[in-house]
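Here's a structure for you.
Throughout, read-outs are computed from the coordinates displayed, never taken from laboratory work. Predicted, not measured: the structure shown is a model, and the values here were computed from it. Cβ sites come from the backbone with ideal geometry, for glycine too, and all protein chains shown count toward neighbours.
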Amino acid sequence: MNLPRIYADYNGLQASPRNLSKLAVALDTFGSLRDLSNANVRLQDGVQLIIFDYSDADEDLENSVTVYWEKARNRWLAEFIEEEVVYIPKRDRTENNEFLCLKCRTPLEDYIDKNGMDASCVCQSCGEKIAAAIEPPI
């Protein structure tokens, strides 16, 4: 099974609030949102992903995770076992500015560059929230 590969900021690594024997990282950065939207993934409890971060000039950190909603802090967390973190040779790090609407797949990067972005921003083509991929569960 090919899981989407999503950026996550490992600097926010913490013990998972729901299972202290695991680690978790929040999927709350612009890079996470962009990658989720481009992969056409709307987060929900139990979603499985591959997350990554840049380790150094030669390698990346990567691992499989399960996503869950942390109600106490209103955010999505990617949970995993520390021993499953893998160091892999760095992938292409050319800056990717593409940002597709989760619903209609319209490119949004020009709109975001011009207007900035906050939780109320919507796609000008279909009205979907730009941050729909990380919206809280219903």
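Hey, can you grab everything whose amide H is under 5 Å from the amide H of Leu108? Only 5+ residues off in sequence or another chain; H modelled, so Pro and N-termini drop out.
Phe99, Leu100, Cys101
Quick check on the chain: helices-only [θ] at 222 nm, where DSSP H runs of length 4 and up contribute -39,500 (n - 2.57) each and the sum goes over total residues. Nearest 500, please.
Helix contribution divided over all residues of the chain: -3000 deg cm²/dmol.
Something else about it: In whole Hz and in residue order, list the ³J(HN,Hα) couplings for region 104-109 that follow from phi through the Karplus curve 6.51 cos²θ - 1.76 cosθ + 1.60, θ = phi - 60°; x for Gly and Pro.
Couplings: 9, 6, 5, x, 10, 4 Hz.
When ranked by the protection proxy of mean other Cβ atoms within 10 Å per residue, highest first, what sequence do the peptides 78-88, 35-45, 117-127 form?
35-45, 78-88, 117-127
Long-range amide H contacts for Val122: which residues qualify at under 5 Å (H placed 1.01 Å from N, peptide plane, sequence gap of 5 or more or a different chain)?
Counting only residues 5 or more places away or on other chains, the set is Ile130.
A further question follows. Ranking request for peptides 93-100, 107-114: highest mean number of other beta-carbon atoms within 10 Å first, then the rest in descending order.
107-114, 93-100
With each pseudo-label sitting 7 Å past Cα toward Cβ, what's the Asn74-Ala15 distance in nm, one decimal?
In this crude label model, Asn74 to Ala15 measures out at 2.6 nm.
Can you give the extra length, in nm with one decimal, that the chain gains between Ile50 and Cys121 once fully stretched, where that is 0.36 nm per residue apart less the Cα-Cα distance?
22.9 nm
Distance between the C-alpha centers of region 1-54 and region 56-74? Whole Å please.
The distance from the Cα centre of region 1-54 to that of region 56-74 comes to 4 Å.
Just to check I understand the Karplus step: with θ = phi - 60° and J = 6.51 cos²θ - 1.76 cosθ + 1.60, what whole-Hz values come out for region 9-14, glycine and proline as x?
7, 5, 5, x, 4, 8
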